[in-house]
Structure formats: C-alpha cells, structure tokens
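A short worksheet on the structure shown next.
The values are calculated or read from the model by the stated rules, or taken from the named source; none is laboratory data. Only a predicted model underlies this, so the values are computations on that prediction, with no experimental measurement involved. Cβ sites come from the backbone with ideal geometry, for glycine too, and all protein chains shown count toward neighbours.
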Amino acid sequence: MKIYFLGTGTSQGIPVIGSHHSVCLSSDEKDKRLRVSVWIETEKASIIIDCGPDFRQQMLNSMCQKVDALLFTHEHADHTAGLDDIRPFYFKQGPIPVYAHQRVLKNLEKRFDYIFETENKYPGAPSIIENEVKVDQPFLVNDELIIPIDALHGSLQVFGYKIQDVVYLTDVKTIESSEIEKIKDCKVLIINCLREEPHATHFNLEEALHFISLVRPKTTYLTHISHLFGFHEEIQKKLPVNVFVAYDNLEINI
Ligand SMILES: [Zn+2]
C-alpha cells in the first residue's frame with residue numbers, strides 16, 4: 001500500500017497569503033504545505049481523502065492517474081473546495097464515487113449545485129455517484145474495506161477512515177473511547193496536530209500525543225499543521241520516537 005501526503009497544512013495553507021511570519025518565509029520545501037489531503041493506493045483501489053482548494057496542484061504533483069473513490073471527512077472548505085477539479089478524472093473514468101456523511105452530501109449539493117444537476121446539465125460539468133457514510137457501517141471500494149471512524153471537530157461531526165492497517169483522522173478535537181478501540185494498535189496513524197497552543201476545534205501537540213498514547217500505533221504522522229507550530233525541522237525535534245511530522249509529497253510504502 002502507498003500513502004502519499006497530498007497536503008499537510010491547515011485551512012490557509014503555508015505560506016499564508018501576505019504573511020511575513022518566519023515559517024511562511026522559510027525556504028525549506030517541508031515548510032510549504034498545501035491544504036490537507038491524502039492519497040491511499042492499495043492493490044485494489046486508489047482512494048483520495050478530501051478534495052480541498054489545492055486538489056488540482058496535488059493531482060499534478062503526485063501524478064495520480066485514477067480515483068476509484070473520493071472520501072470526505074467533513075464539509076469545511078479546506079477539505080471540499082476543489083471538487084470541480086475532479087473533471088479530468090470524470091472525463092476519463094465516468095462519474096466519480098463520492099463517500100461522505102449525508103449532511104456533507106447535502107452541503108456539497110448546495111455549494112456545487114451544477115454538479116448535482118440532473119436536467120439540462122452543462123456538458124463540461126463533472127458527475128459524481130453519491131454514497132452515504134454512516135457510523136458503524138464499513139463499506140467497500142472495489143474490494144477494499146473502509147471503516148469509518150466517528151469523531152468531533154468542536155461540535156461538528158467528522159469521519160476518519162481506517163483502510164487495512166492505516167488510520168487517517170483529521171480535524172479531530174474529541175473522540176469517544178469506543179472509536180479509539182476500533183483503531184488500537186494500528187500500523188500507521190495519521191492525525192491532525194495544529195500547533196502547541198490549544199485550539200477550540202483541533203488537537204494541539206499535547207492532545208495529539210495523549211491520543212497517540214491511547215491508540216499505540218507503530219508509527220504516527222502529524223498533519224493539518226499551522227505555520228504557528230513552527231519550522232518542520234524544529235517540530236520534529238520535539239516529538240517522541242516513531243512520531244513524525246508529515247510533509248507535502250511524502251510517500252510511504254507499507
Ligand atoms: Zn481542516
């Protein structure tokens with residue numbers, strides 16, 4: 001299985017537009033972070049989780065050729081705003097299967113009404129196949145089993161996903177212990193960690209490390225990172241063994 005980090009930044013990305021913050025001015029490529037997204041390719045399926053405003057650039061960077069499923073964690077713009085750019089995949093493959101909570105599907109229908117149009121649809125608009133994700137209802141993409149993990153982003157419900165021994169969870173602030181049970185001792189955990197300072201809707205470093213101690217994964221990658229967290233190289237020095245800061249275009253084969 002291949003895990004490709006398409007983007008590892010928080011909602012504004014790094015650099016932030018117009019910012020003179022030292023991290024935004026860094027020349028280290030690892031300090032440049034597009035909006036958070038991941039591509040997981042198994043023997044059976046090519047799966048993208050979230051489709052933010054940098055989706056087009058991310059598909060070009062990763063040279064992704066095929067999308068068997070697009071999974072959404074939640075409806076916030078940094079995770080969904082790039083949906084129109086699935087067009088090249090739609091032209092090649094036909095309607096793209098999308099998986100999300102019913103609330104998220106409804107939200108996308110409002111914001112991308114032309115994609116959901118059934119009558120007199122503009123011929124260049126992409127089409128999707130809607131699939132509702134429900135708590136405690138694993139589903140198959142091709143023959144690959146996907147287990148949804150339920151969590152909270154402040155008061156907003158979000159889904160993470162477990163694919164084989166890999167767990168992807170982002171924009172989490174709280175999570176029930178019953179959900180933690182489902183992912184205990186996984187091989188790879190990818191978890192959001194915004195910065196060191198507390199935040200109302202995201203794990204900070206202390207909360208992420210506590211969560212990691214409960215899950216006990218073999219390896220962890222931190223993602224959804226703010227420029228306020230500091231330089232990539234400096235963050236890495238603060239982390240325990242087997243916990244790594246993810247960076248854009250990092251590819252892991254397991
Ligand atoms: Zn986000």
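The table below lists the values:
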item	result
Boolean, Val16 is buried (at least 22 other Cβ atoms within 10 Å of the Cβ) and at negative phi	no
Residues of the stretch 46-71 satisfying the condition of being in a helix (DSSP H, G or I) and either aromatic (Phe, Trp, Tyr) or surrounded by fewer than 24 Cβ atoms within 10 Å (Cβ to Cβ) (or both)	Phe55, Arg56, Gln57, Met59, Leu60, Asn61, Ser62
Output for the stretch 29-53, where each listed residue is touching a helix residue (DSSP H, G or I) at 6+ places or on another chain (Cβ under 6 Å) and either of a type in the set (D, E, K, R) or at pLDDT below 95 (or both)	Lys30, Asp31, Arg35, Asp50
Close pairs from the stretch 136-151: first over 14 Å from Ile49 (Cα atoms), partner small (Gly, Ala, Ser), Cβ under 7 Å, at least 6 apart	Asn142/Ala45; Glu144/Ala45; Ala151/Gly160
Candidate set: the stretch 1-56, residues that are within 16 Å of the ligand (Cβ to nearest atom) and more than 15 Å from the chain's Cα centre (by Cα); chosen: the one farthest from Gly160 (Cα to Cα)	Val16
Yes/no for Ile183 being touching a residue at least 40 places away in the same chain (Cβ under 8 Å) and among the aliphatic types (A, V, I, L, M)	no
Within the stretch 168-254, helices (runs of 4 or more DSSP H) holding 1 or more residues that are touching a strand residue (DSSP E or B) at 6+ places or on another chain (Cβ under 7 Å) and of a type in the set (Gly, Ala, Ser)	205-215
